[in-house]
Every structure is written in C-alpha cells, then in structure tokens.
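Please treat every number below as a calculation from the coordinates, not as lab data. The structure presented is a predicted model; accordingly, all values stated were derived computationally and were not measured.
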Amino acid sequence: MNNITSEFAAWLAAGGYRVGEVAIASLPGGGYRLTHWEEATRADLTRYTVPEDARAIAMYDDAGEFRPLKTAPSLRRGWALELPDLPALVRALDYFYPAALGVWHAWKQGRLQRVPLRDTLERQTGMYAVTKKATDEEINRVVARCCNSEGGCLKTILWEISPGNPVRSLPAGKFSPPEPWFPLLCNEGCNLLVGAIRAEVKKDDE
C-alpha cells in the first residue's frame, strides 16, 4: 500500500487532478478537496471530512438509484470531500473506485494479467454457462451497450474477445488510458457484463 500511495503522490505531483468523475484539488492549508469534476469550482456544496464518507457519496446516483457499478458515469453531485492528507485521499478513492489504484499499480509494474473475454466466459457454470455460446457479434453488441464511457462504464478496456480478436464496437480511445486523467483499467470482463451477455444469448435463442 505504501508503494501505491507513493506512486499516486508522484502522479499528483506531475499534474494529475482527475480520477473518473472525481476532481482533486489541493487545499491552501494542506490536504485535498474532492468534488464531482463538473462542480470543482462551486463553493455551495455539502461538506464531508472523512474518507469513509466517499462510500455513501458513491452508493446512489442523483436520482437516488443504487449504483451497482462504481465506474459507471453516474456519480452524484452536490458534495465536497475535504481530507487532511494523502493516505486519507487514497482511502477515499478506494471507496469511489474500489481496487482502481491497486490495478493501476500492477499495470505500471507490468504485472497486470489481461484475461480474454472468452476465457472468462469459459469459466461460467450453471445459469451463466450459456454465455459460452455467445457469438462475436452478440458480444460486440453487448459491449457497445454496457461498456461505452458515455452511459456504461468509464474503464479503459485492456482485454480482447480472444487473442488477436479485439472488440470492434467501441471507438479506439476506449482501449488506451486517457491523459492526463487517472486510468481506470479493466483487465477482465466483469460479472455485470457476463450477465448482459447471458441475456443477449437467451434473447437470440428465443
């Protein structure tokens, strides 16, 4: 964890200021102020002061709906989280985007394993075993719907459908970490994507 914190401090010192939908600004007396990136200059926000507050902020969207995917572009507005130091900032970001800093650290160290989506689907059993039958066309349709950054997921996709067979239904920028924002990285298809592929296959079968 110390290595992750030091590496993130270097990222901040190099000018990094945004993680997903969270904007980070230094406070004049020390510490950090986190807001939704669209409200970074507002002064009339509800103030929070401990890292654990990030969990509650990230739980529901502006309409009060539960957010099952924390990297969906639906982080609610109206808050400012003021934290005293770097360790508190790192803890808060782990509530906003669970494991994102650890995955980034592994990626920078060259230790992050990219799992082809077909490998993920081949591991499925029970009601999800049907996903093994998904065609590339079905997969591309679902990924375009579920993984796009505008309404699906903010993560950068690192996996392919199978080796040498990339996703073709999203723009090229979806597969390259953004600059200068912090890269939220997806090295393996998530359970929500697997569930959506199952629904697509069942629908086509019917």
Next item on the list: Scan around Tyr32 for amide H atoms under 5 Å from its own, H built in the peptide plane at 1.01 Å from N, and keep only partners 5 or more places away or cross-chain.
Entry: Leu27, Leu83, Asp85
Check: So in the chain, what percent of DSSP beta bridges are antiparallel if you round to the nearest 5?
Finding: 70 percent
Next item on the list: Treating the angle as unsigned and between 0 and 90°, give the value, to the nearest 10°, between the Cα long axis of helix 86-96 and the longest Cα principal axis of the chain.
Entry: 40 degrees
Notebook entry, point to check: Can you list the residues, at least 5 places off or on another chain, whose amide H is less than 5 Å from the amide H of Asn148, using H built in the peptide plane?
Noted result: Cys153
Next item on the list: Pairs of lysines 8 or more apart, or on different chains, with alpha carbons under 12 Å: count those in the chain, would you?
Entry: 4
Item checked: the chain: angle of helix 2-13 to the longest principal axis, Cα-based, in degrees nearest 10 -> 70 degrees
Next item on the list: Can you tell me the alpha carbon radius of gyration of the stretch 2-108 divided by the globular rule-of-thumb value 2.2 N^0.38 Å?
Entry: 1.02
Check: So what's Rg/Rh here for the stretch 117-205, counting alpha carbon atoms and using the Kirkwood radius for Rh?
Finding: 0.97
Notebook entry, point to check: Taking N as the number of residues in the stretch 40-89, what value does Rg over Cα atoms divided by 2.2 N^0.38 Å take?
Noted result: 1.19
Checklist line | Distance histogram in 5 Å bins (all Cα pairs of the stretch 89-132, percent per bin) | finding: 5, 20, 15, 12, 16, 16, 12, 4, 1
Item checked: the stretch 174-194 versus the stretch 18-54: alpha-carbon centroid distance in Å -> 23 Å
Notebook entry, point to check: Expressed in nm to one decimal, what extension gain is obtained for the pair Asn3 and Lys203 from 0.36 nm per residue of sequence separation less their Cα-Cα distance?
Noted result: 67.4 nm
Notebook entry, point to check: What area, in nm² and to one decimal, does the C-alpha convex hull of the chain cast on average over all directions?
Noted result: 12.7 nm²
